[in-house]
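The numbers here are math on the coordinates, done by the rules we state, and not lab data. These numbers were taken from a predicted model, which means no experiment stands behind them. With ideal geometry, Cβ positions are generated from the backbone for all residues, glycine too; neighbour counts draw on all protein chains shown.
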Amino acid sequence: MKFKRELLNGFIIFALIAIYFIILEVLGLSNNSFLRLFNILFVGYGVNRTLKGNIDHGITGYFRNFISGFITSTIGAILSISALLMYIYFNGGEAFLKEMSTGFLIGGGEVSSYQYVFSLLLFESSAASFIVVYCLMQYWKGKVEVINKVD
């Protein structure tokens, strides 16, 4: 399996999320956890591009497209979480993390930056990626069935 499409769209997800969070930071809205949830739209956009590209190139297998979409979202998540870790250390490390952690879905507490980032990657981004990929696969499943009947 070639990963060119997944890498490109994973990077697009990362770029869109980065731009979105920079805009939130500039506007002073970065502490609003509700606005942080909108990054799922960027994940959906990138995964949808991957699935559409696969289908346009004749890759219509459900499992293969599911894995392709999940790889795309995981690449975007890993890049985003890596950038978050750099952002935390650029802004003061553990002290900044304690201030910042109240805005995330996972509560704060006494955790290191690596534990915090790993928990975000493991729980929030994996769950969101799975849900987005599953929903888009259900959408494209109907489209692929129609395409296969026409051929």
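If R0 equals 22 Å, the separation of the Cβ atoms of Leu7 and Ile55 corresponds to a calculated FRET efficiency of about 0.75. Note that segment 11-92 shows a convex hull volume over its alpha carbon atoms of 86 Å³ per residue.
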